[in-house]
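A short worksheet on the structure shown next.
The values are calculated or read from the model by the stated rules, or taken from the named source; none is laboratory data. Note that the coordinates shown come from a computational prediction; the quantities given were computed from them, not determined experimentally. In this analysis, Cβ positions are derived from the backbone assuming ideal geometry, glycine residues included, and neighbour counts consider all displayed protein chains.
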Amino acid sequence: MPQHHDIVVIGAGFAGLYAVHKFRDELGLSVKGFDAAGGVGGTWWWNRYPGARCDIESVHYAYSFSDEIQKRWTWSERFAAQPEILAYLEFVADTLDLRRAFTFGTRIASAVWDDEDHVWTVSTSDGDVCTTRFLIAASGNLSIPKPPDFAGLEQFRGEVYTTSQWPHRPVDFTGKRVGIIGTGSTGIQVIQEVAKQAGHLTVFQRTPNFALPLGNESLPEEKRRWVADHHAEIRAGARESFMGIPFERPEISGTLVPAEARKAKYDRLWSKGGWPLLVSSYADVLSSQAVNDDVADYVRDKIRARVTKPGVADLLCPTDHPFATKRLAFETDYFDVFNRDNVDLIDVRATPVERLTEGGIVVGGVEYPLDVLIFAIGFDAATGPLVHLGLVGRNGATLAERWKDGPRNYLGIAMHDFPNLFTITGPTSAVALYNNPLAIEDHVDLATDAVRYTLDRGADLIEATEEAEDHWSRIVNGLLGLTLFPKAKSWYMGANIEGKRTGTYIFTGSAQLYRQMTAEMQQVGYGGFVVGTRKAALPPMMKLDPAVLGLMGVLQGQGTKALHDCTVEETRALVDSFSMLQGDARDVEVTATTYPTAAGERPLRVYRPKGRGGLLPVVVFCHGGGFIAGSIDAVDKPCRALADDLGLVVIAPSYRLAPEHPFPAATDDTFAAVDWAARNAARFGGDADRLVVAGESAGGLLAAVAALRARDAGGPRLAAQILITPAIDGAVKTASRVEYAEGPILSTKAAEGMFAAYLAGTGAEMSPLASPVHATSLAGLPPCLVLSAECDPMRDEGEDYARRLAGAGVEVRSIRLDGLIHAAFSMAGVIPRARDFTVEIGAFLDDVLGRAEPQPTRAAGE
Ligand code: NAP
């Protein structure tokens, strides 16, 4: 009988070591580990090439789970070199007595799922077989080297080294003619070192890379101790920041900042060394081509300033991909080595390597004689390490076949048909853009919790559902599509390996967003998984449109306060700031005027599309903002777009806000604006017989109440009402107010607080002027369009109001927009599907007004 374990861990790097500790020492399970290497260390056991070092500061590039380990270990450099990182992992393994769990020098040949007994059968390269209930693939992202496939390789008589399989003895380059192929992070590190020793170095470069100054320094003894003693405060907030390292927050967009200020910022961030130029400059550097070009130009100028050999600087300047869309590299004197007489740079993009000969490399018919050849050509990244495990899931499904079109999984960590398997730092999990030790801890913690959750329920199986995989694929593909990453031929995109399908291999939302999604999945009881026989519903965030998730990531990165924690002034500033999310302002005619209210004249704007003759339908648009915030400035761009897209005269009134002006000030003003519109529409080429009242959020409620008041007052006569994600009833408890209690953007608590501020103790809760649901009858109201957003706490009350209207005989169209959120209508600049609101409004107006305007098209992807 093969030996049985509760857990088999594959890999003894950062991930495998921590996994053994968690499952064995915390859960008390029987754990067996395997690693093909001769000892612990994972990537740091294999990658022993000269110059190998981390490029996330040592104090951050370390486990965070143990105060004791962090206090006992000290780092000698700001960015530690490979021998020190390996020594650190050996120290951790010894401290926690982890080595005895592993068999080293042993590869996994296959792991096959047994769907009857719910165990994995694991076979090793030694021919040993064991079974395990749960399988933890901690095999890393960059552990399968890309094989060199150069013609004539076997003929070359010199020494050949691959950086990721470097010998365990020193390699001496003194006086030798060395060639290096590959200028990624690895190549850049190794070139810096070898250039100083070799007799002559020839660098064969296909693609130049963006490399930033590392800013490494050796740390004096007292500083080392201080860092270890203060690790907690140094690392505080790391997990809440993009990439898992505490950094200065970026500004939201480089497009809003003048050139001199941008340059000053780049200079300051450049001088810090490491990642700040990417993570602390502008939040849209990876999504806006213009902003990215600006940073890229800055880096290229820096390269040109360092490289003196004619023509070489240009060759070293990356131009074929946006900044940071291939993994950023970091350097100390990389660009300077090309000024040395013993270093040559050969462009093998223009003229690829032809073949290897006995004595060198031939490029463009010229032979470059070499004694040593180093391959730094990268890895079959992300999927390669898992596919190579020989995984066979339910019904004989092989991972290789399952992933032939790219990876498909749930949260990057689990797969349908491959139960009880957790892929630590798996493809599409937050890892490529997340400080790896923290990513690893997060994933292992999640896997441990999942196993505990399963066993606590007396179950022996946990498996992602197909539905969860579908949603995760939709999300990671959508997030990637919002970025510039697809413009690079990189391992991020699976594009570095010939024949590998390019696609979504990495999670491009922030690490913080990923953590929020996994936490929510846990909170709702392993939503998207089957545990035993119980299938848990999808977590709410899993339904969101990817652009909404992208926005959440950006707002988190800005440290944006939750609305319900904001003061009135902060709420107003935040709501006004959303106008940055609305894209460009359309060129329409805008008239600023006033309208009379009980409290005197108030501002109002009239928008009319340019170049349109004749009378146009008129829409009075009431802005949102929870009765306490919002303004005609904040809805200027959406009103311009409505007028332009749909051929309307749009009238946007400013109305009095609570708490300074509580109920009924807002409804009195907006009703007065409707009355003004009916009397003045013709002045602006508007057709008062086709007068429509509309509003978003609180403005939706004001629009609905205006329709009620117009009916009861006998005018103005309204042709329709349009309620966009309306707040209808401040007191109601609906399922959506529970499911989306935390938002995004608007939480139930914030909505309740705003409505309470509006009513301000007036005792008007049951007044139909506070909420139209309290009207004795809804009969006789104009046709109504209710546009609800699936992921909005206000969703159900809007839809319920639509049903009540229909019940009262009103012509109603109620449309729910999947994956969208409250306020999405006014965020067209960042949520492309905001356009769907406009499309539906256009179709509705055509029907109720009997016109046929040329229609805008839905956002791509619909
Ligand atoms: P890589 O980024 O994939 O770079 C491989 C290099 O080899 C590229 O310059 C590539 O050119 C070149 N190459 C591949 N095949 C070639 C061919 N047939 N002919 C000519 N050139 C060829 O791999 P890497 O540098 O090993 O880095 C992989 C990842 O490891 C990094 O992105 C990073 O995540 C990690 N890493 C981290 C550190 C650190 O400091 N923490 C250090 C090293 C590596 P093309 O670009 O034209 O394909």
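Yes or no, residue by residue, for (1) out of contact with any strand residue (DSSP E or B) (no Cβ under 7 Å at 6 or more places or on another chain); (2) within 30 Å of A519 (Cβ to Cβ):
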{"residue": "I191", "(1), (2)": "no, no"}
{"residue": "K196", "(1), (2)": "yes, no"}
{"residue": "F204", "(1), (2)": "no, no"}
{"residue": "G215", "(1), (2)": "yes, no"}
{"residue": "P246", "(1), (2)": "yes, yes"}
{"residue": "L256", "(1), (2)": "yes, no"}
{"residue": "A264", "(1), (2)": "yes, no"}
Reported set for segment 672-719 where residues are in a loop (DSSP other than H, G, I, E, B) and either aromatic (F, W, Y) or farther than 22 Å from L759 by Cα (or both) is G685, G714, G715, P716, R717, L718, A719
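Can you tell me which residues in segment 780-819 are outside any loop (DSSP other than H, G, I, E, B) and small (G, A, S)?
Within segment 780-819, the subset outside any loop (DSSP other than H, G, I, E, B) is 784-789, 795-807, 812-817.
The answer is S788, A789, G798, A802, A806, G807, S814.
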For segment 466-489, pairs from a residue that is under 23 Å from R327 (Cα atoms) and of a type outside the set (K, R) to a residue that is within 16 Å of the ligand (Cβ to nearest atom) and assigned to a helix (DSSP H, G or I), with Cβ under 7 Å and 6 or more apart or across chains, are L480/P486; F485/Y492; F485/M493; P486/M493
Take the conditions of a type in the set (A, V, I, L, M, F, W, C) and surrounded by 14 or more Cβ atoms within 10 Å (Cβ to Cβ) and apply them to L256. Does it pass?
no
Taking segment 89-130, which residues are of a type in the set (S, T, N, Q) and farther than 16 Å from F418 by Cβ?
T95, T103, T106, S123, T124, S125
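Is it true that some residue in segment 96-105 is of a type in the set (A, V, I, L, M), in a loop (DSSP other than H, G, I, E, B) and away from the ligand (no atom under 16 Å from the Cβ)? Before you say what the answer is, go through the steps one by one.
Keep residues of segment 96-105 that are of a type in the set (A, V, I, L, M), which gives 96, 98, 101.
Imposing the further condition that a residue be in a loop (DSSP other than H, G, I, E, B) reduces the set to 96, 98.
Keeping just the survivors that are away from the ligand (no atom under 16 Å from the Cβ) gives 96, 98.
Scanning segment 96-105, I find at least one residue that is of a type in the set (A, V, I, L, M), in a loop (DSSP other than H, G, I, E, B) and away from the ligand (no atom under 16 Å from the Cβ), so the answer is yes.
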State whether the residues of segment 298-315 include one that is assigned to a loop (DSSP other than H, G, I, E, B), surrounded by fewer than 21 Cβ atoms within 10 Å (Cβ to Cβ), modelled with pLDDT of 95 or more and within 16 Å of the ligand (Cβ to nearest atom).
no
Determine whether segment 483-497 contains at least one residue that is more than 16 Å from the ligand (Cβ to nearest atom) and touching a strand residue (DSSP E or B) at 6+ places or on another chain (Cβ under 7 Å).
no
Subset of segment 502-527 that is more than 16 Å from H443 (Cα to Cα) and within 16 Å of the ligand (Cβ to nearest atom) - its residue that is nearest to the chain's Cα centre (by Cα)
T508
Going through segment 419-461 in order, the residues found to be away from the ligand (no atom under 16 Å from the Cβ), in a helix (DSSP H, G or I) and among the β-branched types (V, I, T) are V444, T448, V451, T454
Mind listing whichever residues of segment 328-343 are surrounded by 21 or more Cβ atoms within 10 Å (Cβ to Cβ) and within 11 Å of the ligand (Cβ to nearest atom)?
F330, E331
Give the number of residues within segment 490-506 that are touching a residue at least 24 places away in the same chain (Cβ under 8 Å) and among the hydrophobic types (A, V, I, L, M, F, W, C).
3
Considering only segment 152-169, state which residues are more than 16 Å from the ligand (Cβ to nearest atom) and closer than 17 Å to W44 by Cα.
P167, H168, R169
Under the condition of being within 15 Å of the ligand (Cβ to nearest atom) and among the small types (G, A, S), which residue from segment 370-396 is nearest to the chain's Cα centre (by Cα)?
A382
Take the residues in segment 667-693 that are surrounded by fewer than 24 Cβ atoms within 10 Å (Cβ to Cβ) and of a type in the set (A, V, I, L, M, F, W, C), then tell me which one is farthest from R851 (Cα to Cα).
A672
Tell me, yes or no, whether segment 183-194 has at least one residue that is within 16 Å of the ligand (Cβ to nearest atom), assigned to a helix (DSSP H, G or I) and charged (D, E, K, R).
yes
Within segment 28-44, track down each residue that is in a loop (DSSP other than H, G, I, E, B) and under 19 Å from D94 (Cβ atoms).
A37, G38, G39, V40, G41, G42
Name the residues in segment 364-378 that are touching a Ser or Thr at 6+ places or on another chain (Cβ under 6 Å) and either within 23 Å of P167 (Cα to Cα) or touching a residue at least 60 places away in the same chain (Cβ under 8 Å) (or both), would you?
Y368, F375, A376
Qualifying residue in segment 207-221 (condition: within 16 Å of the ligand (Cβ to nearest atom), under 32 Å from the mean Cα position of the chain (by Cα), in a strand (DSSP E or B) and farther than 23 Å from E84 by Cβ)
no
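Can you give me the ranges of the strands (runs of 3 or more DSSP E) entirely in segment 114-177 with at least 3 residues that are aliphatic (A, V, I, L, M)? Don't jump to the end; show me each part of the working.
Working: elements: 119-124, 129-137, 159-162.
Per the criteria, 129-137.
Do we have A652 as assigned to a strand (DSSP E or B), among the aliphatic types (A, V, I, L, M) and in contact with a Leu (Cβ under 9 Å, 6 or more places away or on another chain) here?
Working: assigned to a strand (DSSP E or B): yes; among the aliphatic types (A, V, I, L, M): yes; in contact with a Leu (Cβ under 9 Å, 6 or more places away or on another chain): yes.
So A652 fits the description; yes.
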Residue match in segment 170-182 (condition: away from the ligand (no atom under 12 Å from the Cβ), in contact (Cβ under 8 Å) with a residue 40 or more places away in the chain and either under 21 Å from D55 (Cα atoms) or acidic (D, E) (or both))
no
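For segment 737-779, give me the residue count where each residue is of a type in the set (F, W, Y) and not in a helix (DSSP H, G or I). So that I can check it myself, show each step before the final result.
Initially, segment 737-779 is screened for residues of a type in the set (F, W, Y), giving 740, 755, 758.
Now restrict to residues that are not in a helix (DSSP H, G or I): 740.
Qualifying residue count, segment 737-779: 1.
So, L153, is that one touching a residue at least 60 places away in the same chain (Cβ under 8 Å) and more than 31 Å from the chain's Cα centre (by Cα) or not?
Details: touching a residue at least 60 places away in the same chain (Cβ under 8 Å): yes; more than 31 Å from the chain's Cα centre (by Cα): yes.
Spelling it out, L153 is indeed touching a residue at least 60 places away in the same chain (Cβ under 8 Å) and more than 31 Å from the chain's Cα centre (by Cα).
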Scan (1) surrounded by fewer than 24 Cβ atoms within 10 Å (Cβ to Cβ); (2) touching a residue at least 24 places away in the same chain (Cβ under 8 Å); (3) assigned to a helix (DSSP H, G or I) for the single condition A400 breaks and write down its number.
(2)
Please verify whether G600 is free of Cβ contacts under 8 Å to residues at least 12 places away in the same chain, farther than 30 Å from S747 by Cα and small (G, A, S), treating the condition exactly as stated.
yes
Going by the structure shown, is E84 under 30 Å from F242 (Cα atoms) and of a type in the set (D, E, K, R)?
yes
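Can you find a residue that is charged (D, E, K, R), over 30 Å from V372 (Cβ atoms) and either modelled with pLDDT under 95 or under 28 Å from the mean Cα position of the chain (by Cα) (or both) anywhere in segment 1-20?
Going residue by residue through segment 1-20, those that are charged (D, E, K, R) are 6.
Keeping just the survivors that are over 30 Å from V372 (Cβ atoms) gives 6.
Restricting the remaining residues to those that are either modelled with pLDDT under 95 or under 28 Å from the mean Cα position of the chain (by Cα) (or both) gives none.
No: zero hits.
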Determine if segment 344-354 includes at least one residue that is of a type in the set (D, E, K, R), assigned to a loop (DSSP other than H, G, I, E, B) and either farther than 26 Å from A211 by Cβ or more than 13 Å from the ligand (Cβ to nearest atom) (or both).
no
